[in-house]
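See structure below.
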2 protein chains.
Amino acid sequence: MTFPATAADLTWMNLALKEARRGVGLTSPNPPVGAVIVADEQIIGQGYHRAAGEPHAEIEALADARAGQDARRLRGATIYVTLEPCSTTGRTPPCTEAILQAGIRRVVYGTVDPNPAHQGGADAFFSRHGIHVTSGVLRQDCERLIRPFAKWITTGLPYVIAKAGQSLDGRITRPSSESQWITSAAARAHGRRLRQRVDAILVGAETIRQDDPQLTIRDSALSAGKEQPWRIILTRSGELPEQARVFTDEYRDRTVVLRGMEFRDVLRELGQRGILTVLIEGGGIMLGQAFHAREVDEAHWYIAPRFCGGGRPSLAGLPLPASVEMDEVQILPMGDNVLISGRPVWPTPENVTAAAPEKVP
Amino acid sequence: MTFPATAADLTWMNLALKEARRGVGLTSPNPPVGAVIVADEQIIGQGYHRAAGEPHAEIEALADARAGQDARRLRGATIYVTLEPCSTTGRTPPCTEAILQAGIRRVVYGTVDPNPAHQGGADAFFSRHGIHVTSGVLRQDCERLIRPFAKWITTGLPYVIAKAGQSLDGRITRPSSESQWITSAAARAHGRRLRQRVDAILVGAETIRQDDPQLTIRDSALSAGKEQPWRIILTRSGELPEQARVFTDEYRDRTVVLRGMEFRDVLRELGQRGILTVLIEGGGIMLGQAFHAREVDEAHWYIAPRFCGGGRPSLAGLPLPASVEMDEVQILPMGDNVLISGRPVWPTPENVTAAAPEKVP
């Protein structure tokens, strides 16, 4: 049976979302999920999925309730979960069963399982056992949280985040006699935080040759519980400097070189290895390939108030056949730099802005 | 004699600034100036310089006081002027003399005359006649207001404002099958307002050929009292479409074609004709030339959340020898577009950021 959501449901689901976010970047190839158990308008248990192979969020929340000697209050309680509870046996037994066994009376979840084979399984199970179900509570937020998983489970390809730091005139390199940095230290630090969300960082060989980046998560507060993301170097020639940091530092076993592969094949390869999220950190040719393949799910463009007037633009290589707009655009000034981020909308014959009938510049 | 400023001086000078701003874009080759006359902590007269050949702001304010039957209160009053009053006879008699004749007891002004030949003349005159002088009140604001005049009077060259509307990846053209517009209607309307401040608009021939722009001030509220700025077309080949709007519309007598001239020679030519302020509206080659000549005083970059991935960048042509930073940077989000503006800081051996000793991307 399906029941409508109450105002209180929003409050508890927001807390479940907060739990879920603690797992972002840590759970691949599973999605981040959070759960909160409520009895008599009090939280009696909460938890999130910490890593693949570890208990699901629902099990964590049930264990939390039991550890707090609230086990008897589980009977008749409501569980809030950001994602439809699993109803099949994976690495762990189905959560639907555990919820039933605990005596939970009502299940509220945010979004359905994006895996078409599992979708709706929980509703059928709970319906058979007389447990009330409310779904779609804060669905947009819950969906946003598992976008990488949803893409991967339905296409086999990881979710792609593209990042660039550029001058006002769109260049990503400065004249050779100058510092390699274009954006401010604050903007660069902000950009590095994207690494926390991903399983792999993808760069072109030229970025290794020119910038010799580390591509590591250096903020220990962020990296707690997080493995160093794979560092994937794409190269056509195979010529890479042996002494580059990515080949010599303490994480050198997390560096992989892929040679002569098309961009989409790279994604397929990474997807097969359970990588849900990839961050492209340059250079322009690499970013251009990703846009050509129409495989950018999020773009984060850091812009500094500086003109380079030469050097490679942030999207280089072949011109795009049509320009790409963005939605969910956010503009975040940081000092005199600014971050513009959003989600590319891939042009179709329908959504390309028609040539303006009147031209009044 | 020079006296320190009081808190009240700031208030009155702010009003004088407000008056002065009414003349921005209208006074070339004179600077915009505002004046307020105060007696017993009350404004008895105010005015601004409306156009070259018209009375100066001080004379307008004196006339205003007299018109309001406050003539007798002028004796012993204080006059606030954004710019040092003129002490020489130009098209009009010196304001210093008029101030003395009116019986003004104290003169407060914002900034000195940028013309080295006239600078300080007022102080000497007033000192001789026992009139108290306070200078430098809100000096920065007063200086900012007359930057175009200050540049022109000291170098003979007009003040150059550069404007571009570009994609996130720094391109100013879209694929040919699409609308010519890159930025939003709101951003374009905002950008057009810059035309109100200038005496001339400069574009390259390619902009005329590709976009056929009008380059007019279309907002009648803005254009009141403002002549259509000159439309200067720079061309190497001389090949321009005869039917272009700038050659056929009602302002066709305000269009000038300059052929095969270097950028700095163009500025010199315009300066000689009493043009204080020029707005460059593209394209990339034209903007590139201006940056190469180090003759951009203000830059206004409108950025849309769109990737074009091809086409000309906003600064094109030869690479710049060194990257150019900006100060006085302002970031103004407008919907999902953003305006980044500032004043270029031309690199010198001293202020170029040294290559970073540590490279930790």
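Read the figures in this text as sums done on the coordinates, not as results from a lab. In this text the structure is predicted, and so the values were computed from the model without any measurement. Here the Cβ positions follow ideal geometry from the backbone for every residue, glycine too, while neighbour counts run over all protein chains shown.
Side notes on the structure shown:
- Computed FRET value (nearest 0.05) for B:THR248 with B:GLN42, which takes r as the C-beta separation and R₀ as 51 Å: 0.40
- Per-selection metrics, the range A:239-361 (Cα): Rg and Dmax in Å: 17.9, 60
- Mean per-residue shielding of peptide A:205-214 is 1, counting Cβ atoms of other chains within 10 Å of each Cβ.
- 13 Å beta-carbon shell around A:GLN166, net charge (K/R +1, D/E -1): +4
- Per principal axis, descending, Cα span of the range B:21-153 in whole Å: 39, 29, 27
- When only alpha carbons of the range A:143-260 are considered, Rg and Dmax amount to 15.5, 47 Å.
- Residue-wise HN-Hα coupling along the range B:199-214, computed from phi with Karplus coefficients 6.51, -1.76, 1.60 (Hz; x: Gly, Pro): 9, 8, 10, 10, 9, x, 4, 5, 4, 5, 5, 8, 9, 6, x, 8
- Chain B residue nearest by beta-carbon to the axis mapping B to A, with distance in Å: B:GLY170, 1.
- Net charge contributed by nearby residues that have their C-beta within less than 11 Å of A:ASP70 (K/R +1, D/E -1): +2
- Cα gyration tensor shape for the range A:243-288, rounded if a/c is under 1.5, else prolate or oblate: oblate
- Paramagnetic label zone (point 7 Å from Cα along Cα-to-C-beta, A:VAL256; backbone N under 12 Å) in the range A:157-171: A:158
- Relative contact order computed over chain A (Cα-Cα under 8 Å; 6+ residues apart), in percent: 15 percent
- Distances in nm from B:MET334 to the matching label points in the other copies, shortest first (labels 7 Å along Cα to Cβ): 2.6
- Teacher prompt: B:ARG294 distances to equivalent labels in other copies, 7 Å Cα→Cβ, nm: 4.9
- Estimated FRET transfer efficiency when R0 is 35 angstrom, pair A:ARG273-A:SER176 (beta carbons, to 0.05): 0.40
- Taking Cα centre as origin and charging only the Cβ of basic (Lys, Arg, +1) and acidic (Asp, Glu, -1) residues, the dipole magnitude of the protein assembly as shown rounds to 60 debye.
- Each label point was placed 7 Å from the Cα along the Cα-to-Cβ direction; for A:ARG294 and B:GLU350 their separation is 5.5 nm.
- Within the shell of other residues whose beta carbon sits under 10 angstrom from the beta carbon of B:ALA35, the net charge comes to -4, with Lys and Arg scored +1 and Asp and Glu -1.
- Under 5 Å from the amide H of B:THR255 lie the amide H atoms of B:ARG231, each residue being 5 or more positions distant or on a separate chain, with H modelled from the backbone and absent for Pro and chain starts.
- Computed from the alpha carbon atoms alone, the convex hull of chain A holds 179 Å³ per residue.
- Extent along the principal axes, Cα only, for the range B:202-281: 37, 30, 19 Å, with the longest axis given first.
- Shielding by partners for peptide A:325-336, expressed as the average number of C-beta atoms from other protein chains within 10 Å of each residue's C-beta, is 5.
- P(r) of the protein assembly as shown over all Cα-Cα pairs, binned every 20 Å from zero, in whole percent: 15, 35, 29, 17, 3, 0
- With its label point defined 7 Å out from Cα along the Cα-to-Cβ axis, A:GLN42 lies at 7.2 nm from the matching points of the other copies, in increasing order.
- Debye log10 I(q)/I(0) for the range A:127-197, one point scatterer per Cα, at q = 0.12, 0.15, 0.25, 0.26 Å⁻¹: -0.60, -0.78, -1.11, -1.14
- The count of lysine pairs in chain A that are at least 8 places apart or cross chains, and whose C-alpha atoms lie under 23 Å apart, stands at 5.
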